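Input: a single structure, listed below in structure tokens.
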Amino acid sequence: MCRLLIFSIILALTGFIFFAPYGSAEQGEGNHVGEFLRNRIEAAGYPAHVAVGTERILAQKALPRFYQKRGYMPAWIDHTGLQQQGDVLMKCIQAADLEGLHPEDYHLKSILATLGEVRKNQTEKKALNPRRLVDLDLLLTDAFLMYGSHLLSGRINPESIDPEWFANRRGAELDQVLQEAISSNRIEETLHSLLPVQSGYGALREALGRYRAVVRSGGWPTVSEGPALKKGNRGKRVAELRARLSGESEPVSLSETSPEPAPFDETLEKMLRDFQHRHGLDPDGVAGPATLSELNVSAEERVRQIEVNMERWRWLPQDLGNPYIIVNMASFMLYVVEDHRPVMEMRVIVGKGYRRTPVFSSKISYLVFSPYWHVPPGIAIKDKLPLIKKDPYYLTKNKMRVFQGWGADAREIDPTSIDWARVNGKHFPYRLRQDPGPHNALGKVKFMFPNRFNVYLHDTSSPELFEKTSRTFSSGCIRIQNPLELAHYLLKDDPRWNSQAIQDQLAKNTEKTVTLRAPVDIHLLYWTAFVDRAGILHFRKDIYGRDGRLTKALYAKPPTLNRGQP
């Protein structure tokens, strides 16, 4: 044993490395790379501050835990150099762009350079530098932990770029995930298992590949500015429109069109209507300003839009519930999904630009028939007070009552006894409550999922607004088009609340709270690119300006792994 130890020391001093097979009796004495690895990590402290050349190791907690549990054995190298699993990991990293991520974020350049140096030495039968082998192992381990974390819960922490986004992200002990992947020789399969399981993510992934192919082919042509185009028109701009609409699936250049372009016919009108439908526009078959604006968004920008929404899928929990409700603010739609298929959909109205509806997940636990509307203080001061000052009968006409105090101590006040001219935002000691009835802003029913934003679904006294294409009219809550249809669905398993019982309750015009037998998951989301159940890709305008911030963050230098990550 002493001779072996002396021999190993001599080899180390002369630059040669002795690799004992992992698990052999000589491992503790022979694995000098393991010693270099242990010293490197222990010297880095905890969380570990490790650098490999100019590359910073970002998994500052998971990486040292991973090696400590392995007894500081290398994960990706042995006496022959890089193991097969290391090659598999590199191929996975090189394919990260398929997920809308960037391979260069995962040390790919440094890994390839270090590996090239190691293999060059092997080819030339030179001694392998243990420090460079440690560098390679650290880079590969950090690459797996980073990439795995990004697949599991997103590259960006949404709350770091949007104060109105509260995600219920997935999490896992990725150091343990990596160890199991290495032990089972399932690196690729393990990384794939971290992806969102919902079909919506996979559909966007497929669309990303198609749109990148369009970009590689030169994108699609634009349509020149000018008057609205409609059926019967002729000329160059009609040819441009035809080339643009054809170019989304099969790139077409104007040089490929006939010398005398065809007129704006029924075929082109149908193509335009389909485009308008897919972009949330009024499908009138006329290329007016709004339609022309969407037509002239570049293929590169659409690629970025798909990448942004793939990232948003990665922020969602693995299990959305069954059934569950999704509200997509950007498309102004609500969907009820049961057994992985939509069973109900309806239009919604969401918050105005300065009162944006937040993004979060919760559970609908009860609903209220014929609800009172307790006017939030901000709305009472900013919206209602100016109307009250302008019209002394505003409160009476809208069935609103004024209270002072809270709970059992609250007392109703005659609004005509108040000098409203002296009331302002700094001095507003009142509460406003609107009685149930046709004037009530919440309509016939509201659906409650307790949250810190005081946001909920409800009916509306202004159903005509659902006919608008863009529906940002609320103060943050979500107005839904068919509230009674949703109420029937949520109460369908409760025999006490059949259709007749609901109608009888509404006829009383008195507030009634009904607790659901089983709470239903609800997810308030913001998708500006999504694939519908027919497999058609849709884009929507970024009504709240959230895409730009996320795009900038996705293309920035990768951050240190954050909450929910190693």
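The values are calculated or read from the model by the stated rules, or taken from the named source; none is laboratory data. Keep in mind that this is a model prediction, so the values were computed, not measured. Neighbour counts run over all protein chains shown; Cβ positions are idealised from the backbone, glycine included.
Results, tabulated for the structure shown:
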{"quantity": "Condition met for residue 138 (closer than 26 Å to residue 43 by Cα, in the same structural domain as residue 175 (by TED's automatic domain parsing), touching a strand residue (DSSP E or B) at 6+ places or on another chain (Cβ under 7 Å) and not in a loop (DSSP other than H, G, I, E, B))", "calculated": "yes"}
{"quantity": "Residue list for the range 263-299, restricted to those being more than 16 Å from residue 220 (Cβ to Cβ) and among the acidic types (Asp, Glu)", "calculated": "265, 266, 269, 282, 284"}
{"quantity": "Flag for residue 125 being among the basic types (Lys, Arg), surrounded by fewer than 20 Cβ atoms within 10 Å (Cβ to Cβ) and at positive phi", "calculated": "yes"}
{"quantity": "Conditions (1) more than 17 Å from residue 367 (Cα to Cα); (2) buried (at least 19 other Cβ atoms within 10 Å of the Cβ); (3) among the charged types (D, E, K, R): number failed by residue 467", "calculated": "(2)"}
{"quantity": "Checklist (1) charged (D, E, K, R); (2) without any contact (Cβ under 8 Å) to a residue 40 or more places away in the chain; (3) closer than 30 Å to residue 381 by Cβ applied to residue 546, failing item", "calculated": "(2)"}
{"quantity": "Qualifying positions in the range 360-411 - surrounded by fewer than 17 Cβ atoms within 10 Å (Cβ to Cβ), polar (S, T, N, Q) and more than 38 Å from the chain's Cα centre (by Cα)", "calculated": "396, 404"}
{"quantity": "Residue match in the range 385-397 (condition: modelled with pLDDT under 95, among the basic types (Lys, Arg) and in contact with a Gly (Cβ under 7 Å, 6 or more places away or on another chain))", "calculated": "no"}
{"quantity": "Residues located in the range 57-75, provided they are farther than 14 Å from residue 147 by Cβ and either in a helix (DSSP H, G or I) or touching a residue at least 40 places away in the same chain (Cβ under 8 Å) (or both)", "calculated": "60, 61, 64, 65, 66, 67, 68, 69, 70, 73, 74, 75"}
{"quantity": "Unique residue being over 27 Å from residue 155 (Cβ atoms), at pLDDT below 95 and either surrounded by fewer than 15 Cβ atoms within 10 Å (Cβ to Cβ) or within 25 Å of the chain's Cα centre (by Cα) (or both) when the list is 246, 199, 253", "calculated": "253"}
{"quantity": "Residue check for residue 153: surrounded by 21 or more Cβ atoms within 10 Å (Cβ to Cβ), modelled with pLDDT under 95 and not acidic (Asp, Glu)", "calculated": "yes"}
{"quantity": "Test: residue in the range 99-109 that is among the hydroxyl-bearing types (Ser, Thr, Tyr), within 30 Å of the chain's Cα centre (by Cα) and either crowded, with 21+ Cβ neighbours inside 10 Å or closer than 21 Å to residue 189 by Cα (or both)", "calculated": "yes"}
{"quantity": "Flag for residue 303 being touching a strand residue (DSSP E or B) at 6+ places or on another chain (Cβ under 9 Å) and either over 30 Å from residue 172 (Cβ atoms) or β-branched (Val, Ile, Thr) (or both)", "calculated": "no"}
{"quantity": "Matching residues in the range 117-154 - criterion: being free of Cβ contacts under 8 Å to residues at least 60 places away in the same chain, under 20 Å from residue 56 (Cα atoms) and over 20 Å from the mean Cα position of the chain (by Cα)", "calculated": "117, 132, 143, 144"}
